[in-house]
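Enquirer: If you scroll down you'll find the structure; I have some questions about it.
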Amino acid sequence: MIVKVTKPVFAESASQLVNTTNNYEGTILLKKEHWVVDAKSLLGVLALSLQPGQEVEIEAKENPEAIDAILALGFFEK
């Protein structure tokens, strides 16, 4: 699912995102341009340097409800 970043994702917000994704089994990926990172990796999420207005793709094939939990954090919108 392609979403738009609504708030910068760094430090505490990145930690919240990683903690949320770690509650789910399976692989959860964040894709931005040529970057593809594991959403369960704090360093990976920080490397994306997500800023408002950017588009990212969230992929959670094994656990699609993880996407709803990520959206509920308020950092992204459909």
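FYI, it's all coordinate maths here, none of it is from the lab. The shown structure was predicted, so the numbers you read here are calculated from the model rather than taken from an experiment. Note that each Cβ is placed from the backbone with ideal geometry, even for glycine, and that neighbours are counted across all protein chains shown.
Enquirer: Which one of Ala11, Ala60, Ala66, Ala39 is surrounded by fewer than 12 Cβ atoms within 10 Å (Cβ to Cβ) and among the hydrophobic types (A, V, I, L, M, F, W, C)?
Expert: Exactly one residue qualifies, and that residue is Ala11.
Enquirer: Consider only pairs whose beta carbons are under 6 Å apart and that are at least six residues apart or on different chains; among these, list those whose first residue lies in the stretch 39-61 and is at positive phi and whose second residue is surrounded by fewer than 16 Cβ atoms within 10 Å (Cβ to Cβ) and in a loop (DSSP other than H, G, I, E, B).
Expert: From the stretch 39-61, no pairs qualify.
Enquirer: Residues that are in contact with a Leu (Cβ under 9 Å, 6 or more places away or on another chain), in contact (Cβ under 8 Å) with a residue 40 or more places away in the chain and part of a helix (DSSP H, G or I): does the stretch 3-16 have at least one?
Expert: yes
Enquirer: Follow-up question, since we're still on this one. State all residues of the stretch 20-78 that are farther than 14 Å from Phe10 by Cβ, assigned to a helix (DSSP H, G or I) and not small (Gly, Ala, Ser); if no residue qualifies, say none.
Expert: Thr20, Thr21, Glu65, Ile67, Asp68, Ile70, Leu71
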